[in-house]
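Here's the structure, in structure tokens; my notes come after.
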Amino acid sequence: MALLEVRDLNVYYGVIQALKGISFEVDSGDIIALIGANGAGKTTTLHTISGLIPAKSGSITFDGKDITHMPGYKLVSMGMAHVPEGRRVFANLTVLQNLRLGAYTRPDKKEMEDTLEMIYERFPRLKERRNQTAGTLSGGEQQMLAMGRALMSHPKLILMDEPSMGLSPIYVNEIFDIIEKIHQDGTTVLLVEQNAKKALAIANKAYVLETGRITVKGQAKDLLNDERIKKAYLSE
Ligand SMILES: Nc1ncnc2c1ncn2[C@@H]1O[C@H](COP(=O)(O)OP(=O)(O)OP(=O)(O)O)[C@@H](O)[C@H]1O
Ligand SMILES: [Mg+2]
């Protein structure tokens, strides 16, 4: 059974339908890329999965349980973490305080300290800057912090919304390297990206979302070579 299964999902903002019956799955161990233009419904998809927006109809199953109407805080303790669009770190708190907040579902102090060490190993820059307020970090550092904070809950599945957005090319490469490492450490990844080329390069499977519908799905490497995809999403 898939780790995450989305079936016939319909989501509205008032009378406007943002998701029009989308279905897809994420298997344990996957990196799935969800690509699409501005306004296609990528963020809406992640928000609905993580319980921030209600589904009008359809179902979402995670780790064998129906989570369609489950609130977000419960999903974190079930093993789902969300790295939101625009990072959303707590600007006035330090790096360390932000990371600690990510572990709120895991009260064991010793475990938290061990996890923190693991995250500092993965993100040496966060260790260097642990006492700096998050609002004064660079964009790339804030992205690392948002990822580190999500990893503090030991997720099985991590949802990432446009992690490379607004970053300089060097940071973009670094963030994609980190995503691959997080995946190698055993976390399943659902990655929303406008940088389709890079997302497809690290993903195993991918879905294309167009105005609320999934129009293409396949192996990421096939999409990278697909003429239609190249023309619509891969030209620089
Ligand atoms: N809170 C809201 N109220 C009304 N409409 C919304 C709201 N949030 C999103 N929408 C609309 O839903 C559609 C999908 O938006 P969504 O943010 O999911 O797109 P996206 O694929 O993440 O786009 P982007 O690449 O710009 O982040 C858009 O038409 C958007 O205007
Ligand atoms: Mg978005």
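Annotations for the structure displayed:
- The combined condition, being aliphatic (A, V, I, L, M), farther than 20 Å from E5 by Cα and within 16 Å of ligand 2 (Cβ to nearest atom), is fulfilled by A37.
- Any hit, segment 129-144, residues being assigned to a helix (DSSP H, G or I) and in contact with a Pro (Cβ under 7 Å, 6 or more places away or on another chain): yes
- L159 being modelled with pLDDT of 95 or more and outside any helix (DSSP H, G or I): yes
- Residue match in segment 74-81 (condition: aliphatic (A, V, I, L, M), in contact with a helix residue (DSSP H, G or I) (Cβ under 7 Å, 6 or more places away or on another chain) and surrounded by 23 or more Cβ atoms within 10 Å (Cβ to Cβ)): yes
- Selection status of A103, in contact with a helix residue (DSSP H, G or I) (Cβ under 7 Å, 6 or more places away or on another chain), within 30 Å of K127 (Cβ to Cβ) and in a strand (DSSP E or B): no
- None of M147, M160 is away from ligand 1 (no atom under 16 Å from the Cβ), crowded, with 23+ Cβ neighbours inside 10 Å and in contact (Cβ under 8 Å) with a residue 24 or more places away in the chain except M147.
- Test set (1) more than 16 Å from L209 (Cβ to Cβ); (2) assigned to a strand (DSSP E or B); (3) of a type in the set (S, T, N, Q) - S28 fails condition number: (2)
- When residues of segment 138-180 are limited to those that are touching a Ser or Thr at 6+ places or on another chain (Cβ under 8 Å) and among the aliphatic types (A, V, I, L, M), the one nearest to ligand 2 (Cβ to nearest atom): L159
- The C-beta contact set for segment 211-236 (first residue without any contact (Cβ under 8 Å) to a residue 24 or more places away in the chain, second residue surrounded by fewer than 14 Cβ atoms within 10 Å (Cβ to Cβ) and part of a helix (DSSP H, G or I), distance under 8 angstrom, 6+ apart or interchain) comprises V216/R228.
- Subset of segment 184-235 that is in a loop (DSSP other than H, G, I, E, B), away from ligand 1 (no atom under 16 Å from the Cβ) and more than 13 Å from A33 (Cα to Cα) - its residue that is modelled with the highest pLDDT: T187
- Screening K65, K56 for residues that are exposed (fewer than 15 other Cβ atoms within 10 Å of the Cβ), at pLDDT 95 or above, away from ligand 1 (no atom under 14 Å from the Cβ) and of a type outside the set (V, I, T) leaves exactly one candidate, K65.
The values are calculated or read from the model by the stated rules, or taken from the named source; none is laboratory data. The structure presented is a predicted model; accordingly, all values stated were derived computationally and were not measured. Positions of Cβ are generated from backbone atoms using ideal geometry, with glycine treated the same way; all protein chains shown enter the neighbour counts.
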